[in-house]
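Note sheet for the following structure.
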Amino acid sequence: MENKNKIVHAIYDDDDVLLKAVKELRLKKYVIEEVFTPFPVHGLDKVMGLSETRIAITSFIYGCIGLTVAILMMNYMMIEDWPQNIGGKPSFSYVENMPAFVPIMFELTVYFAAHLMVITFYLRSRLWPFKKAENPIPSTTDDKFLVQIDNYKSESELKKLLKKTGAIEIILKDKKE
Amino acid sequence: MDNYKFSNRVRNFSVILMVLGIIGLAYGFLSAPSSLEEAHAMIADGHHKESEHSEDILNQENNSGNSYSYQKESSSDHNDHGEHLLHKLQNKPWAALYVAALFFMMISLGTLAFYAIQRASQAGWSPVLYRVMEGITAYLLPGCLIVFLILLLSGFHMNHLFIWMDSKVVAHDEIIKAKIGYLNTPFFLLRAGFYILGWCAYRYFSRKFSLAQDKAKDIIYHKKNFRISAAFLVFFIVTESMMSWDWIMSIDPHWFSTLFGWYVFASMFVSGITVIALTAIYLKSKGYLDLVNDSHIHDLGKFMFGISIFWTYLWFSQFMLIWYSNIPEEVTYFITRIEDYNLPFFSMLALNFILPLLILMNSDYKRVNYFIVMTGIIIIIGHYIDVFNMIMPSAVGDKWFIGISEISAFMFFAGLFIYVVFKEISKAPLYPTGDPFIEESKRYHY
């Protein structure tokens with residue numbers, strides 16, 4: 001009770017055990033603040049109850065932007081600004097010359113979708129160059145899994161539950177003010 | 001686990017399809033012209049009903065300048081052209097039969113390739129679908145034999161699908177003459193027999209080992225199946241490519257494309273995967289295959305999506321290079337298709353690429369049976385039109401029409417396909433219980 005303003009870090013050494021533990025904790029109505037893992041654990045987002053990612057929607061939008069940019073760019077360069085005779089067919093029409101532009105349309109769609117999606121992901125995850133790592137213990141980048149719980153009613157009860165779910169180590173840390 | 005029971009409804013449905021198909025095909029063959037006069041009458045009838053500009057078409061048809069009277073006393077050039085026209089009209093029911101026969105045979109062959117890939121890669125997700133795939137590949141033998149029969153009848157000059165089989169044509173054609181070492185009827189049929197024998201032998205042994213594995217104590221049959229599957233894939237990719245030159249590309253003996261084999265492969269592969277998904281969803285809706293969950297359907301959906309794009313990639317690679325270089329002997333192929341086959345040519349692109357792309361792009365939609373069935377039907381129609389576009393322009397020229405012959409041929413082969421496939425599925429347990437990966441497949445989730 002006296003340690004109510006401490007953060008609990010439970011450390012696991014197996015992803016299957018971790019998955020079961022997270023399920024168990026959520027069943028007992030604990031709010032899991034964050035889970036640190038060395039690799040993406042399959043199905044963890046579902047058992048943590050995280051809301052569905054919207055990155056696919058942004059990717060689709062970025063792809064559409066890329067396609068539009070490609071069309072406008074090729075139309076300006078090859079048809080309007082400096083009309084080109086494409087494949088011996090000097091029609092000077094975008095639609096009639098489209099087969100020649102399809103590879104560029106495709107590439108820019110992919111290019112925009114991929115790069116803007118990565119940038120969006122970095123912004124959304126608050127990642128930038130030279131940022132200090134947030135993981136509490138370095139071994140979560142090696143072979144350990146860490147579950148962080150901020151709010152709980154009874155420390156001893158939580159500890160008992162964590163031990164039961166297979167945590168190999170439980171660390172208490174002061175909350176940063 | 002209960003076996004699938006071949007229900008009377010499915011049997012009756014397939015038999016009705018076959019009977020209607022045979023009636024329609026008989027009508028198609030009987031109404032084909034048997035002489036020059038009839039052919040001219042058919043064209044004239046058709047055009048008189050239309051508006052004034054039909055006269056232009058008629059004149060082009062006739063190639064005889066400013067009159068369109070069909071008297072026989074005109075020049076020999078006129079008669080040659082008339083004979084050409086007659087052959088095209090006589091070809092129409094044959095070509096309709098051939099397109100449908102080839103299409104359903106290729107569904108089965110594409111499924112066999114998919115099945116062999118699952119076996120050779122020892123896939124963990126798919127074993128619950130093996131019996132469905134084995135059911136679909138059961139059609140391979142009858143399907144191949146029918147195609148072979150049509151090729152044989154072409155060899156006996158019952159039709160003019162393959163103009164290089166006609167010695168009168170070859171006599172005046174330097175290009176075909178140069179290819180005669182490869183394109184001659186005995187060697188052609190010998191090759192066809194060789195491909196069919198190889199494919200059907202693999203299918204026979206793989207099915208045998210698959211059934212034997214159910215009762216085996218060790219995994220010896222699984223290993224055997226792995227080995228013959230890997231060997232089959234090597235054999236398949238060579239023979240499939242040659243099959244596409246022989247059975248499809250040689251209809252246009254002057255034209256050639258180096259990636260044609262891949263293009264045909266992509267078409268049969270996506271059709272095959274689609275039919276696996278449709279059959280599995282049908283069986284699920286009847287209360288069978290309860291172990292096939294939405295993750296399996298999701299995976300098949302991903303394949304349908306991916307291979308549709310792969311097909312478009314190959315189609316476009318072939319099209320763009322030929323369009324860009326504009327070499328007369330190559331580009332005629334696409335000029336015929338764009339001018340005379342505008343609607344099927346471009347609608348095929350929408351059906352095979354744009355609609356599957358947009359419908360199946362969302363990950364969640366691939367888990368919904370309704371979307372898979374809808375897209376599946378679109379893909380099946382689209383790839384039928386794809387095969388149609390491969391065969392028809394050279395076989396019947398601008399005299400194409402999706403009419404009684406075409407629909408009947410499709411119905412007949414669809415009926416036969418459904419009958420053979422569901423009959424075969426009913427013969428064995430629905431899951432390969434002895435497969436070492438069956439547990440992984442049952443628990444598969446995404």
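When Rg and the Kirkwood Rh are both derived from Cα coordinates, the Rg/Rh ratio for the protein assembly as shown amounts to 1.07. With Cα atoms as the point set, segment A:55-124 shows a radius of gyration and Dmax of 14.6, 49 Å. Amide H contacts of A:Glu169: A:Ile11, each under 5 Å away and 5 or more positions distant or on a separate chain (H built 1.01 Å from N in the peptide plane; Pro and chain starts excluded). Loop sites by DSSP among the GluC sites (Glu not before Pro) of chain B, restricted to those with at most 16 other Cβ atoms within 10 angstrom, leave B:74-446 as the longest stretch without any of them.
Karplus-based coupling profile of segment A:48-62, in residue order and whole Hz: 6, x, 5, 6, 4, 5, 9, 5, 5, 5, 4, 4, 4, 5, 4, with θ = phi - 60° in 6.51 cos²θ - 1.76 cosθ + 1.60 and x standing for Gly or Pro. Straight-distance candidates among the aspartates and glutamates for linking to B:Lys217, with alpha-carbon spacing under 17 Å and chain neighbours fewer than 8 residues away dropped: B:Asp435, B:Glu439. For a straight C-alpha distance cut-off of 19 angstrom, the lysines reachable from A:Lys28 (same-chain residues fewer than eight places away being disregarded) are A:Lys4, A:Lys20, A:Lys46, A:Lys153, A:Lys159, A:Lys160, A:Lys163, A:Lys164. Principal-axis analysis of the Cα atoms of chain A puts helix A:15-27 at an angle of about 70° to the longest axis. Counting neighbouring beta carbons within 10 Å and listing from fewest to most, the residues B:Cys144, A:Cys64, B:Cys200 come out as A:Cys64, B:Cys200, B:Cys144.
Here A:Lys173 is the anchor, and the aspartates and glutamates within straight C-alpha reach of less than 12 Å, apart from those fewer than 8 places off in the same chain, are A:Asp150. Shape analysis of segment B:272-322 places it in the prolate category; the axes a ≥ b ≥ c from the Cα gyration tensor give an a/c of at least 1.5, with a/b above b/c. Compared with the dominant Cα axis of chain A, that is its longest principal axis, helix A:155-164 is turned about 70°.
Normalised by the number of residues in segment B:167-236, the mean separation of alpha-carbon contacts (under 8 Å, six or more apart) gives a relative contact order of 23 percent.
Scanning chain B for long hydrophobic helices, with DSSP H runs required to stretch 20 angstrom or more by C-alpha along their axis and to average at least 0.0 on the Kyte-Doolittle scale, returns B:8-31, B:76-120, B:140-155, B:185-215, B:220-243, B:260-285, B:294-325, B:369-396, B:404-426.
None of the figures in this text is laboratory data; all of them are computed from the coordinates on show. Small disclaimer: the values here were computed from a predicted structure and weren't measured. A quick note on method: Cβ atoms are made from the backbone with ideal geometry, for glycine too, and the neighbour counts reach across all protein chains shown.
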